[in-house]
Structures are given as C-alpha cells and as structure tokens.
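Report on the structure given below.
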Amino acid sequence: MGRAFEFRKERKLKRWGNMARVFTRLGKEITIAAKAGGPDPDSNPRLRTLIQTAKSENMPKDNIDRAIKRAVEKDTADYKEIVYEGYGPHGIAVLVETATDNNMRTVANVRSYFNKFGGSLGTSGSVDFMFERKCVFKVTAKEGLDMEELELEMIDYGVDEIFMDEEENVIMIYGAFESFGDIQKYLESNGFEIKSGQFERIPTSEPKKLSAEEKADMEKLLAKLEDDDDVQNVYHTMDMSE
C-alpha cells in the first residue's frame, strides 16, 4: 500500500469537530456544484456524487435540498473557492481551501491565524508544489471482488491506488485529479455503490516529525483554521503519527 493509504489512515482519525461543521462544508460544496453544472443531479455528475457523500454523512434531505435551492436563488451570494498557502510554526507547510462570499474577510482571518500562532501566510505557489491533488472515492465493497483485477482495470481510467478499508468495509480509490469524471462514470456503469467522492491533497514527501511540544504549537493553528466557517479543508506536512 502506498502514500494514499498512510494519508487516509492519519486523516480518518481527524474529522470535523461536529456534524454542523460537516453539513456546512458539504452544503457549500453542493451549492457551488449546482451553480456550476445545474441543479439536476441526473445531468450533473459532480452534484450527484456530492449528494451521495452528504447522505453517507447522514445530512438531512432538507439540508441538501436547501443547498441546491441556494444555487438558483438570485439573491444568494456567490461562493468563491480560494486556496491560501503558508507555513505554520516549526516550518510546517500548510494549505487552506476556502469557500467564501467575502474574500477580504477570509484572507484577513487566515492571515491573523498564521501570525498569532507563529506562522506566516505565503504567496500563491509557495507550498502548493508540496501536495498532489487527488480525487478520492469510497465505494461499498462487493462480495467476492478481486481487488487486483479491479485495480488493473481501473488504471486506464486514471486510478493509481486502490485498497480495502477493512474497518469500514469500503474500497478506497485514489486517482488523478482530472480523472474524477471518468472514474465516477466507470463506477456507476459497473454497479458500484458510491458512498462518497471528493478531492484531497496528499503531501508528496515524508511528513515532518515534531516533538510533542512543537506538535502542540502546530495543532493550535490547525484548530483555529478548521474552526473558521469559510474554511473547507486544511492540509499540512506534519507527521500526525504518535
């Protein structure tokens, strides 16, 4: 198993703090997808996958419907997806994905968090090269499925790593960022139940190990960033293992 497996193992233990945060994040993604590709999931593959992801997180149907409705309402503010890059304390690279209707507010907040906790906000491209953007699908495992055969078949669709998560009894599929649509189409046409489909950024080099005290410094910054309503995801190069 490769880097995606190790990344998954570390991140699955660190979820959003509560269900309200999960629903807020997914609601924004659904609104953005519906505005970009239309509110009908049958003709909008990205929206279709996000709805499946929301359902797997037990997001109420009313919340999903409201998020889609916001995309077609004229008085709804547009969300812009903006990525911020910088360094946290002890030289840890940090990449922050946001969805905001007020960029001035968001950049001011993000910069203040970096400054307060011993880091610095950088320019575009300053740490992006340290991460590889991947599409990630979680699908229900089929009985008697040959994982090696599936991996060989899906390589042509842009997949570069597949493994079974025994704890959740799901298959994790990692592929090239631009292959999201091809992989989704393959899974749907071959009868796989997609539990979620999203994008993640995986560090391209070994995570940096810190002492317990240094790690605590970094975790203060991460907690502050993740608590901001405009922040969707936070990625970093700190080793999270004990």
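The values are calculated or read from the model by the stated rules, or taken from the named source; none is laboratory data. Because the structure is predicted, anything quoted here is derived from the model rather than measured. Every residue, glycine among them, receives a Cβ derived from its backbone with ideal geometry; neighbour counts consider all protein chains shown. Ligands, DNA and RNA are excluded from the accessible area calculation, which covers all protein heavy atoms including side chains. Shrake-Rupley method; radii C 1.70, N 1.55, O 1.52, S 1.80 Å.
Annotation: aspartates and glutamates with alpha-carbon distance below 13 angstrom to Lys28 (same-chain offsets under eight excluded): Asp65, Asp78, Glu81, Glu97, Asp101, Asp229, Asp230.
So which GluC sites (Glu not before Pro) in region 38-103 pass both tests, a DSSP loop state and at most 16 other Cβ atoms within 10 Å of the Cβ?
On the way: sites: Glu57, Glu73, Glu81, Glu85, Glu97; in loops: Glu57, Glu73.
Counting only loop positions with at most 16 other Cβ atoms within 10 Å, the GluC sites (Glu not before Pro) in region 38-103 are Glu57, Glu73.
Projecting label points 7 angstrom from Cα along Cα→Cβ for Asn190 and Ser211 puts them 5.0 nm apart. Accessible surface calculations at 1.4 Å, restricted to protein heavy atoms, place the chain at 52 Å² per residue.
Under a 10 Å cutoff between Cα atoms, tell me which one of Ala33, Ala99, Ala20 has the largest fluctuation in the Gaussian network model of the chain. Ranking Ala33, Ala99, Ala20 by mean-square fluctuation puts Ala20 first. Each residue, Leu152 and Glu219, gets one label point 7 Å from its Cα in the Cβ direction; the gap between the two is 4.5 nm.
Within the assembled protein chains, the solvent-accessible surface assigned to Ile82 is about 40 Å², based on a 1.4 Å probe. Taking trypsin sites (Lys or Arg not before Pro) across region 151-210, the ones in a DSSP loop with at most 13 further Cβ atoms lying within 10 angstrom of their Cβ are Lys209. Distance between the pseudo-spin-label points of His90 and Glu166 (7 Å out from Cα toward the beta carbon): 3.2 nm.
Take the Cβ atoms of Lys74 and Asp229, set R0 to 25 Å, and the FRET efficiency comes out at 0.60. Straight-line reach from Lys215: which aspartates and glutamates have a Cα under 13 Å away, not including same-chain ones fewer than 8 places off? Within the straight-line cut-off, Lys215 pairs with Asp239, Glu242. Among Asn190, Asn103, Asn169, the largest mean-square fluctuation in a Gaussian network model of the chain, built with springs joining Cα atoms closer than 10 Å, belongs to Asn190.
If I stretch the segment between Thr123 and Lys61 completely, what's the gain in nm (0.36 nm per residue apart, minus their alpha carbon distance), one decimal? Intermediate results must be reported in sequence, preceding the final value.
Details: separation 62, 0.36 × 62 = 22.32 nm, distance 3.93 nm.
Length gained, Thr123 through Lys61: 18.4 nm.
Quantify, in whole percent, the carbon and sulfur part of the accessible surface of the chain (1.4 Å probe; protein heavy atoms only). Here it works out to 48 percent.
Here Lys35 is the anchor, and the lysines within straight C-alpha reach of less than 25 Å, apart from those fewer than 8 places off in the same chain, are Lys55, Lys61, Lys69, Lys74, Lys80, Lys134, Lys138, Lys185, Lys195.
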